[in-house]
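Okay, structure first, notes after.
The values are calculated or read from the model by the stated rules, or taken from the named source; none is laboratory data. Keep in mind the model is a prediction, meaning the values are calculated, not measured. Here the Cβ is made from the backbone with ideal geometry for all residues, glycine too, and neighbour counts use every protein chain on show.
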Amino acid sequence: MRRLLLILALLLLPVLAQTRYRVHAPAVAWPPGPGQEVVTRCVACHGPELIQGQRLSSAQWDKVLTKMQGWGAVLSQHEKARLVEYLGRHYGSEVPDAPPVRVRLEALP
Ligand code: HEC
C-alpha cells in the first residue's frame with residue numbers, strides 16, 4: 001500500500017510541478033504578552049510560520065536571533081532579551097507542537 005502511494009506520488013509529481021498554485025493559509029496571530037511588539041518585526045523577510053513552527057530552547061532561540069542579526073534584523077540588546085523570553089515561552093522546546101493547519105491550494109492559470 002505504501003509503495004503504491006509512493007508510485008502514485010511520483011507519477012503525480014510532473015503534473016503538480018507544471019501547475020502554479022497560490023497558497024491560502026490561515027493567518028496565525030502572535031500570542032499576546034511582553035515581546036509581542038518585537039516579534040511582529042520578525043516577518044520583514046519571511047513569514048511567521050518559519051518562527052511559529054519551531055520548538056527551541058532559550059539558548060537555541062538566542063543563537064537564531066544572533067544569526068538573524070547577522071542577516072540584517074535590527075534588535076537592541078534589550079529587545080533581544082525580551083524576544084528570547086517571548087519565543088521561549090510560546091515556542092520553547094517544552095511547548096507542545098502546534099496542530100496542523102488546513103491549507104487551500106488555488107491553481108493559477
Ligand atoms: C528577530 C526576528 C526574527 C526571528 C525570530 C527569525 N527571523 Fe529570520 N531568516 C532570514 C533568512 C534569510 C532566513 C533563511 C531563509 C529561509 O528559510 O527563508 C531566516 C530563517 C529564519 C528561521 C528558520 C530557522 C533558521 O535558523 O534558519 C527562524 C526560526 C527565523 N528566521 C527567525 C532573514 C531574516 C530577516 C531579514 C533581514 C529578518 C528581519 C529576520 N529573519 C527576522 C527574524
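Could we say that Trp71 is farther than 26 Å from Ala98 by Cα and under 18 Å from the mean Cα position of the chain (by Cα) here?
Criteria met by Trp71.
Can you run down the residue pairs with Cβ atoms below 7 Å, 6 or more apart or on separate chains, where the first is in segment 71-92 and farther than 16 Å from Gln54 by Cβ and the partner is part of a loop (DSSP other than H, G, I, E, B) and at pLDDT 95 or above?
From residues that are farther than 16 Å from Gln54 by Cβ, the pairs are Arg82/Pro34; Arg82/Gly35.
What residue, among those in segment 21-36 that are over 30 Å from Leu75 (Cβ atoms) and surrounded by 10 or more Cβ atoms within 10 Å (Cβ to Cβ), is modelled with the lowest pLDDT?
His24
Can you tell me which of Pro34, Pro99 is of a type outside the set (Lys, Arg) and either more than 17 Å from the chain's Cα centre (by Cα) or near the ligand (Cβ under 9 Å from one of its atoms) (or both)?
Only one candidate passes the filter, namely Pro34.
Sort out which residues of segment 37-48 are surrounded by fewer than 13 Cβ atoms within 10 Å (Cβ to Cβ) and within 7 Å of the ligand (Cβ to nearest atom), and write them in order of number.
Listed by number, the residues that qualify are Arg41, Ala44, Cys45, His46.
Return yes or no: is Glu79 in a helix (DSSP H, G or I), within 17 Å of Val43 (Cβ to Cβ) and more than 8 Å from the ligand (Cβ to nearest atom)?
Considered against the rule, which asks whether it is in a helix (DSSP H, G or I), within 17 Å of Val43 (Cβ to Cβ) and more than 8 Å from the ligand (Cβ to nearest atom), Glu79 comes out as yes.
So which residues in segment 49-70 are within 9 Å of the ligand (Cβ to nearest atom) and either outside any helix (DSSP H, G or I) or in contact (Cβ under 8 Å) with a residue 60 or more places away in the chain (or both), if there are any at all?
Those that are within 9 Å of the ligand (Cβ to nearest atom) and either outside any helix (DSSP H, G or I) or in contact (Cβ under 8 Å) with a residue 60 or more places away in the chain (or both): Gly53, Gln54, Leu56.
Just checking, which of Leu83, Leu4 is surrounded by 12 or more Cβ atoms within 10 Å (Cβ to Cβ) and at negative phi?
Leu83
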